[in-house]
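Peer 1: Below: one structure in structure tokens.
Nothing in this text is a laboratory measurement; each read-out follows from the coordinates by a stated rule. Remember, predicted model here, so these are calculated numbers, not experimental data. Don't worry about glycine lacking a Cβ; one is built from the backbone with ideal geometry, like all the others, and counts go over all protein chains shown.
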Amino acid sequence: MGIGVYQLFPTDNSSIQQILSLIFYAIFFFYLFFGQQLQVQRILLSISGALNKIKDAHDRSKREIIDFLQKNGYNGDAVSHVNTLIEYFTISPVDLDPTGLVKKIEHILSVRDERIRSEVRSMLPEKDALTISILENLLEISAALNVYYKVVRHYYLIGKKTSNLYLLMQLQMVLPDLLREVEALVSAIEPIKNAQPIGDGIGPMVAGRLLLNNEKKQIARDTIFGEVNYKNRILYVIKAEGPAGNVGQPGNAIEYLINNYGLKPAAIIMIDAALKLEGEATGEVAEGAGAAIGGIGVDKYKIEEIASRNNIPLYAIIIKESIVEAITCMTKEIVEAIPKVLNRIDYLLENRTREGDSVIVVGVGNSIGVGQ
Amino acid sequence: MANRLFKGQKQFKVVTIEECLSCKLKMKRPFKINDYVYKEGEVCQKCGTKMIISAIYKEELKY
């Protein structure tokens, strides 16, 4: 039995039927003409809620930095100093002619790092490297939250001004992922402030385990290495200098060992935390080939370049974790991956190198809370 | 512990694990400021050698 259109036009004299039809037509025409505006308002409301959360996160990160500065004896105008550092920007070099681009990026990044570090040192001149690195890391978190807040606010205001439903829908679609990253950054404040190891520090933790009771020397900025006799091979173990929050310069360290130290390694083994896919278990260890290192790509380029030029096999061991786990305090599951990683290193050494060989082992990641 | 900005955010406590490299005795205690992994720890109650901090990680607080 089908419903005919004639049913919408009642022929009987029932007043209820007539009222219902009127309501139906009112709603139908309202949605026809104002549906889009209604949807725009609904999306604006949900984005403004998210924007407030991002603003709270950003304000909290700034408050934490100011508290940290005051606790460490800074007497100047902390608010304006912190605002200046948070707004510090970096302009990427032109890529129309890509030759030599990595060198230019490295130069610009090193200028930025030096500038921020000298500014931070001038604020806390009496403090040790750990305190300086904590402040640098907190500033990085706050700068990232500042960008998130300003970009979301920009599209929110443009969408509101122009009532552009499609722009707002795109913003609404990316918001859950964006909020997850904001949540991760906020959760990173506490462990960084207390110099606790973060999930990304698993690489330096494995390297530190190999370096225990061995002499360590500085090899590049914020980077140390040590010679370790292990399974009748000589391991050159590299990691960022801890317990300060550094990532070091593993690319420069490997270049130095090969070019200046005259080392001819039989293999380079890189250990790093890697982002897991949804459904994968935290702390799962996987092995592969290539340079296991994140960041903007300068170190990765240098390591790939020197490995391919000298025909050195490049092995990667990764420990899987989520973005939140990577930048917040380390979890038990990640710590429990250390013996598994050491087993993989043993296997690679026994099967891919010979006794007496030299092997470079790099623990990649942020060394906050991880000594050596 | 920090205020919760996001709904459903879990609360954690951070623990330090001290390990004796000779007799493998492990000791768990709350994290203290200035603790870091591979820092020298307390004297081992079993064999008397110096322990090291072998791990620092967070544990979920259950109410």
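Peer 1: Please check: in the Gaussian network model of chain A (C-alpha springs, under 10 Å), which one of A:LEU157, A:LEU210, A:LEU185 has the largest mean-square fluctuation.
Peer 2: Fluctuation is largest for A:LEU157.
Peer 1: By how many nm would the segment from A:PHE33 to A:ARG352 grow when fully extended, if each residue of separation counts as 0.36 nm and the alpha-carbon distance is taken off?
Peer 2: Contour length minus Cα-Cα distance gives 107.8 nm.
Peer 1: Next question, about the same structure. Report the full-extension gain for the segment A:LEU45 to A:LEU342: residue separation times 0.36 nm, less the Cα-Cα distance, to one decimal in nm.
Peer 2: Net length gain for the segment: 101.8 nm.
Peer 1: Find which of A:PRO98, A:ILE65, A:LEU145 sits farthest along the positive direction of the dipole of region A:44-193, computed with +1 on the beta-carbon of Lys and Arg, -1 on that of Asp and Glu, about the Cα centre.
Peer 2: Of the options given, the answer is A:LEU145.
Peer 1: Would you kindly derive the ³J(HN,Hα) couplings of region A:300-313 from the backbone phi angles with the Karplus curve 6.51 cos²θ - 1.76 cosθ + 1.60 (θ = phi - 60°), listing them in order in whole Hz, with x for Gly and Pro?
Peer 2: Along region A:300-313, the couplings run 4, 4, 5, 5, 4, 4, 6, 5, 6, 5, 9, 6, 9, x Hz.
Peer 1: Let me ask another. Residues of region B:16-33 with backbone nitrogen within less than 20 Å of a virtual label 7 Å along the Cα-to-Cβ line of B:GLN45, please, listed as ranges.
Peer 2: Zone members listed by number: B:16-32.
Peer 1: Which cross-chain or sequence-distant (5 or more) residues have an amide H under 5 Å from the amide H of A:ARG233, H modelled 1.01 Å from N in plane?
Peer 2: Answer set, sorted by chain and number: A:GLY356.
Peer 1: Say each of A:ILE158 and A:LEU212 gets a label point 7 Å from the Cα, pointing the same way as Cα to Cβ; how far apart are those two points in nm?
Peer 2: Modelled inter-label distance: 5.4 nm.
Peer 1: Looking only at A:GLY288, A:GLY199, A:GLY208, which one moves most when chain A is put into a Gaussian network model with springs between Cα atoms under 10 Å?
Peer 2: A:GLY288
Peer 1: Using R₀ = 30 Å, calculate the FRET efficiency as 1/(1 + (r/R₀)^6) where r is the Cβ-Cβ separation of A:ASN52 and B:LYS10; round to 0.05.
Peer 2: Calculated transfer efficiency: 0.85.
Peer 1: Something else now. As a test of the formula, what do you get for the protein assembly as shown when each DSSP H run with n ≥ 4 contributes -39,500 (n - 2.57) and the sum is divided by the residue count, at 222 nm and rounded to the nearest 500 deg cm²/dmol?
Peer 2: -16500 deg cm²/dmol
Peer 1: Between A:THR90 and A:ILE19, take the C-beta separation as r, use R0 = 56 Å, and let me know the FRET efficiency to the nearest 0.05.
Peer 2: Computed FRET efficiency for A:THR90 and A:ILE19 comes out at 0.30.
Peer 1: Sticking with this structure for a sec: Tell me which residues come under 5 Å, amide H to amide H, from B:THR49 once H is placed; ignore anything under 5 positions away on its chain.
Peer 2: Residues meeting the criterion, in which the H sits 1.01 Å from N, are B:CYS44.
Peer 1: Taking region A:232-327, which GluC sites (Glu not before Pro) meet the DSSP loop condition and have no more than 16 other C-beta atoms within 10 Å?
Peer 2: A:GLU278, A:GLU280, A:GLU284
Peer 1: Residues with amide H under 5 Å of A:ALA220's amide H, sequence separation 5 or more or different chain, H placed in the peptide plane at 1.01 Å from N; which?
Peer 2: Amide H to amide H, under 5 Å and 5 or more residues apart or across chains, A:ALA220 pairs with nothing.
Peer 1: What distance in nm separates the simple spin-label points at A:VAL147 and A:ALA26, each placed 7 Å from Cα in the Cβ direction?
Peer 2: Those two pseudo-labels are separated by 5.1 nm.
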